Amino acid sequence: MIPKLHYISQGNSPKEHLENIQKACSAGAELVQLHINAISEKKYLKLALEAREITSHFQTRLILSNHYKIAKEVKADGVHLENTDFCATTALEHLFTWQIVGGTANNLKDCKALISKKVDYITLSPFRDTKNQDNLPTALGLNGFSLIVEALKTETPIIGAGEITTEDVTAILETGVSGIAVSDEISSNFDTIKKFNQLLSASSTEEQRHTF
């Protein structure tokens with residue numbers, strides 16, 4: 001089972017990333033993704049080991065961004081491939097069978113490519129335009145999410161991402177997306193994890209009600 005809420009770590013330094021991961025775990029996050037760029041592999045390994053220690057203590061799942069070899073070495077719960085330079089098939093072959101592989105998709109074509117490589121989940125983004133960043137894919141919005149989910153008709157969990165706030169959750173779940181990945185909203189207030197979890201599990205309670 002892929003948790004419905006993914007916290008994508010943020011911070012201005014490796015130390016801040018770890019502090020934020022600790023806060024997220026304390027606040028009840030089920031899954032955190034260590035997301036830090038522009039550091040050497042040696043430093044990333046050290047950081048991943050420390051993150052693994054924190055998440056193990058809280059029994060929170062840890063996903064590493066892109067570094068699938070380090071994910072295997074530190075026995076993280078899996079890896080998230082953020083762009084097409086990383087082949088999901090190669091990662092899956094390299095990892096332990098119990099480790100999960102996710103990938104980022106910005107459109108229907110990306111989703112189909114990831115499904116054909118048998119990833120465990122897909123992060124579909126961006127939901128809305130990201131502040132202060134140019135050259136990014138067009139925001140998909142609720143309509144884009146709905147159309148893609150409908151066209152895919154897949155069992156693979158689709159996780160929405162991209163400047164999502166607690167106000168968006170109910171409408172996003174109605175598109176058929178199964179969960180969300182959040183960075184800014186949680187990093188600015190870790191208490192929102194509880195709110196996100198309530199909104200996300202309320203949807204599964206409703207689903208159960210429909211089933212019976």
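Per-residue answers, yes or no, for (1) open to solvent by 50 Å² or more (accessible area, probe 1.4 Å); (2) of a type outside the set (A, V, I, L, M, F, W, C); (3) at pLDDT 95 or above:
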residue	(1), (2), (3)
Lys69	yes, yes, yes
Val74	no, no, yes
Thr84	yes, yes, no
Cys87	no, no, no
Ala91	no, no, no
Leu95	no, no, yes
Trp98	yes, no, yes
Val101	no, no, yes
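From the list Ile115, Ile148, Ile158, which residue is surrounded by 15 or more Cβ atoms within 10 Å (Cβ to Cβ) and closer than 23 Å to Ala24 by Cα?
Ile158
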| field | Pairs where the first residue, in the stretch 93-122, is more than 16 Å from Lys153 (Cβ to Cβ) and the second is among the basic types (Lys, Arg), C-beta under 6 Å, 6+ apart | value | Leu95/Lys72
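For the stretch 175-184, enumerate the residues that are of a type outside the set (A, V, I, L, M, F, W, C) and either touching a Phe, Trp or Tyr at 6+ places or on another chain (Cβ under 7 Å) or open to solvent by less than 50 Å² (accessible area, probe 1.4 Å) (or both).
Residues satisfying the conditions are Thr175, Gly176, Ser178, Gly179, Ser183.
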| Selection status of Gly102, touching an Asp or Glu at 6+ places or on another chain (Cβ under 8 Å) and closer than 24 Å to Asp184 by Cβ | yes
| task | Return the residue satisfying two criteria in turn: it lies in the stretch 56-66 and is open to solvent by less than 70 Å² (accessible area, probe 1.4 Å) and under 20 Å from Leu92 (Cα atoms), and of such residues it is farthest from the chain's Cα centre (by Cα). | result | Asn66
| query | Going through the stretch 133-182 one residue at a time, which ones are touching a residue at least 40 places away in the same chain (Cβ under 8 Å), touching a strand residue (DSSP E or B) at 6+ places or on another chain (Cβ under 7 Å) and not hydroxyl-bearing (Ser, Thr, Tyr)? | reply | Ile148, Pro157, Ile158, Ile159, Ala161, Ile172, Val177, Gly179, Ile180, Ala181, Val182
| Residue count, the stretch 1-55 (criterion: without any contact (Cβ under 8 Å) to a residue 60 or more places away in the chain, open to solvent by 70 Å² or more (accessible area, probe 1.4 Å) and more than 24 Å from Val101 (Cβ to Cβ)) | 4
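The values are calculated or read from the model by the stated rules, or taken from the named source; none is laboratory data. These figures come from a predicted structure and were not determined experimentally. So basically every Cβ, Gly included, is an ideal-geometry build from the backbone, and we count neighbours across all protein chains shown. For the accessible areas, the whole protein counts, side chains as well, though only heavy atoms, and no ligand, DNA or RNA atoms are used. Shrake-Rupley method; radii C 1.70, N 1.55, O 1.52, S 1.80 Å.
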